[in-house]
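To start, the structure under review is shown below, and the notes come after it.
The values are calculated or read from the model by the stated rules, or taken from the named source; none is laboratory data. In this text the structure is predicted, and so the values were computed from the model without any measurement. Here the Cβ positions follow ideal geometry from the backbone for every residue, glycine too, while neighbour counts run over all protein chains shown. In case anyone asks, the SASA skips ligands and DNA or RNA and just uses the protein heavy atoms, side chains included. Shrake-Rupley method; radii C 1.70, N 1.55, O 1.52, S 1.80 Å.
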Amino acid sequence: CLRRLAARHGARELLVADGQRLSFAEADARSARLARALLEAGAGKGTRIGLCFPNGVEWVLGWLAAARIGAIAVPINTFFRAREMAWVLAHADVSILLTASRLLDHDYAAQLEEAAPELAGARPGALRSPALPHLRAVFAWGGTSRPWVQAGEALAEGPRDAALDDAFLRAVEAAVAPVDPMLVLYSSGSTGDPKGAVHTHGSVLRHSRRLSALRGVKADDRVWSPMPFFWVGGLVFSLLGTMHAGACLLAEAGFEPGRTLALLEAERATAAIGWPHFGKALVEHPEFATRDLSALRAGNLPGLLPASVCPADPELRPNGLGMTETCGPHTYTGEQALPESLRGSFGRAMPGVEHRIVDPETGAVLGPGEAGEIHVRGDSLMQGLYKKERHEVFTPDGFYPTGDLGFFSTEAILYFQGRSGEMIKSGGANVTPSEVESVLAALPEVKEAFVVGVADARRGEAVAAAVVPEPGTAPTEAT
């Protein structure tokens, strides 16, 4: 897929991110060089390679390089602290981590040492940690003073072994099949620790291409999206959906409304996609009225786009329902504003996807207009949840119970009614109350903590906690 895109689009820009510009041809050449270096470092088909970068060139090249050699990319949430980062690395059996050295107040090597102190005395490329038993090498971009961390920039220059040439890489690539796993994508479930959804090359490329076609993305589009690549929306909907069309994605390591407005104007962005609170922040910024955003014609952020495309009324905006397990949207309305007759609807099933509505108490399959739990199956559905047996995840006939509630009309249009569990959806992120409660309860000043979601105009839901302090202490919100 990448070689075909590079041959077709060549010097056209694939990505513009924080001053860096990456063409399709450069993405092909540079990811090939990195892929050959990863082979020299011991990676191969099935190797779990962690990616911990903000949206940008390094993330894209790392993912492409891993996919080319049949390794399994494990995107890491850059918001993670030591505990969460170590949990995912250990659960996913990551053996090579490609990471930024720092992002905002995160020092990722320091976080790893906090979770696995024995790394501090390890040799580079030969890491041994009971806490991270499969981790063998960490390559960081941006410099680090820790001797056990290797320079990512040196890795990106390519292998030292001349035998690892392009012909050898082509032979490795030829062994990768559509059925092979490409990604383990982690998202918080409705209970407990994050879940790792295993997606194949076939499911990811097929589904993202369909989404790109349904959205009507063209080669001359310049699409801005702040959705992180480590989540399915940023990777499948934004990055891959844009790549398939030969279009350019505008990305940023972090969102700051004034800087983003300047980017949208300078790069003549034609589409803007993200969660509503991003659009709200842009529209309310003092510079909004002075910026020329006339090139914008598509997307889902009200206030930035004409009302005919994205009306102010949220129940009339283009919509879809999806999740990590289904590789993004499994229903979709299309890109146009909804008519009044379809107010609040979430569209029809995506191609290759089928649904049924099930009574959560009896298991009976329900008919049109009857509300119950949404079950889904199809060729964009994950292969499974990592380290879960199939019968723990799917029904005997291959449906995945989503935990979402809703019904289909007689015209096969989905109406979503909420979650059956307790998960909080805040600013596009899934937040599990029990995870936050456990962190709060670990603080010495906290006796008990109870976490709930509360309505929030900017983020959809905000995370609120009721905290019972230990006797004799007086914790504040800040502490």
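Identify the residue in segment 50-62 that is assigned to a helix (DSSP H, G or I) and open to solvent by 10 Å² or more (accessible area, probe 1.4 Å) and, among all such residues, is nearest to Asp18 (Cα to Cα).
Looking at the filtered set, the residue picked out is Glu58.
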*If we only count strands (runs of 3 or more DSSP E) wholly inside segment 166-227, which ones have 3 or more residues that are touching a strand residue (DSSP E or B) at 6+ places or on another chain (Cβ under 9 Å) and under 24 Å from Gly42 (Cβ atoms)?*
181-187, 195-200
*If the Cβ limit is 6 Å and pairs must be 6+ apart or interchain, which residue in segment 100-128 that is closer than 16 Å to Gly254 by Cα pairs with which residue that is surrounded by 14 or more Cβ atoms within 10 Å (Cβ to Cβ) and polar (S, T, N, Q)?*
Ser101/Thr144; Leu103/Thr78
_Return the residues of segment 229-275 that are farther than 21 Å from Gly328 by Cα, aliphatic (A, V, I, L, M) and either touching a helix residue (DSSP H, G or I) at 6+ places or on another chain (Cβ under 8 Å) or in a helix (DSSP H, G or I) (or both); say none if nothing qualifies._
Leu261, Ala262, Leu263, Leu264, Ala266, Ala269
*Selected residue (criterion: nearest to Val184 (Cα to Cα)) from residues of segment 78-121 that are assigned to a loop (DSSP other than H, G, I, E, B) and touching a Lys or Arg at 6+ places or on another chain (Cβ under 6 Å)*: Ala92
*Filter segment 135-163 for residues that are open to solvent by 80 Å² or more (accessible area, probe 1.4 Å), under 23 Å from Pro117 (Cβ atoms) and small (Gly, Ala, Ser) and give the result.*
Ser145
_Suppose we filter segment 373-409 for residues that are touching a Phe, Trp or Tyr at 6+ places or on another chain (Cβ under 9 Å), modelled with pLDDT of 95 or more and part of a strand (DSSP E or B); how many remain?_
9
*Ala412: part of a loop (DSSP other than H, G, I, E, B), of a type in the set (A, V, I, L, M, F, W, C) and either open to solvent by less than 70 Å² (accessible area, probe 1.4 Å) or farther than 21 Å from Val88 by Cβ (or both), yes or no?*
yes
*When the residues of segment 262-292 are filtered to those that are of a type in the set (Lys, Arg) and at pLDDT 95 or above, which remaining residue is most open to solvent (accessible area, probe 1.4 Å)?*
Arg268
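Test of understanding: among Pro159, Pro147, which residue is in a loop (DSSP other than H, G, I, E, B), without any contact (Cβ under 8 Å) to a residue 60 or more places away in the chain and over 19 Å from the mean Cα position of the chain (by Cα)?
Exactly one residue qualifies, and that residue is Pro147.
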*Quick one: in segment 245-261, which of the residues that are touching a residue at least 40 places away in the same chain (Cβ under 8 Å) and not aliphatic (A, V, I, L, M) is surrounded by the most Cβ atoms within 10 Å (Cβ to Cβ)?*
Cys248
*Restricting to segment 16-30, what's the tally of residues that are open to solvent by 10 Å² or more (accessible area, probe 1.4 Å) and more than 19 Å from Leu2 (Cα to Cα)?*
3
*Identify the residue in segment 422-469 that is of a type outside the set (A, V, I, L, M, F, W, C) and open to solvent by less than 40 Å² (accessible area, probe 1.4 Å) and, among all such residues, is nearest to Pro401 (Cα to Cα).*
Thr432
*Which of the residues belonging to segment 276-332 are farther than 23 Å from Gly378 by Cβ, assigned to a strand (DSSP E or B) and not small (Gly, Ala, Ser)?*
Pro302, Leu305
_Quick check on segment 386-425: of everything there that is farther than 28 Å from Arg459 by Cα and hydrophobic (A, V, I, L, M, F, W, C), which residue is nearest to the chain's Cα centre (by Cα)?_
Val393
*Name every residue in segment 202-232 that is open to solvent by less than 20 Å² (accessible area, probe 1.4 Å) and not hydrophobic (A, V, I, L, M, F, W, C), in order of residue number.*
Gly202, Ser203, His207, Ser208, Ser212, Asp221, Ser225, Pro228
